[in-house]
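Please read the structure below before turning to the comments.
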Amino acid sequence: MTALHRTAALAVSIALLAGGTMTLAPTASAASSPKCTYNLADFTGTVDGDGVNYRKGPGTNYTAKGRLYDGDRVRVYCGKGNWYYSSLAKRSKGGLAKGTTGWIRSDMLYQLAG
């Protein structure tokens, strides 16, 4: 273990012992899912529709993790065809937790902003 790794492990241990919590945000490598064929410059999108399936993969043959509703916001990272890989910017109206990743069809978003 290098000094850098020991320092990082110590910092995490101290934070957790002090009652803190740690969350991991998607990194560029995590956001670049192997199923993506192109990257986007980390955009925010707004869902346009009610009961939009948030899927495990880029297609209707993948099961839904849950549903998104009009106004839910996602952070878009990359895509494949007309599908975007994203994570929820906050808890969805359908009850999915903030940070949940999934795939949404591009025509189900009406606003993309950098």
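The values are calculated or read from the model by the stated rules, or taken from the named source; none is laboratory data. Keep in mind the model is a prediction, meaning the values are calculated, not measured. No Cβ is skipped: glycine too gets one built from the backbone with ideal geometry, and neighbour counts run over all protein chains shown. Quick note on the areas: whole protein, heavy atoms, side chains included, nothing else; ligands and nucleic acids left out. Shrake-Rupley method; radii C 1.70, N 1.55, O 1.52, S 1.80 Å.
Some points to look at:
- Gyration tensor (alpha-carbon) shape descriptor, region 32-80, a/c threshold 1.5: oblate
- ³J(HN,Hα) computed for each position of region 60-68 - Karplus, 6.51 cos²θ - 1.76 cosθ + 1.60, integer Hz, glycine/proline x: 6, 7, 8, 6, 8, 7, x, 10, 10
- The order of the peptides 41-48, 72-79, 84-91 by mean Cβ neighbours within 10 Å, most packed first, is 72-79, 84-91, 41-48.
- For region 34-113, carbon and sulfur atoms together expose 46% of the accessible surface, with a 1.4 angstrom probe and every protein chain in place.
- Span from the region 31-70 Cα centroid across to the region 85-100 one, whole angstrom: 11
- Electrostatic tally near GLY99: other residues with Cβ closer than 15 Å to its Cβ, Lys and Arg +1, Asp and Glu -1, net +4.
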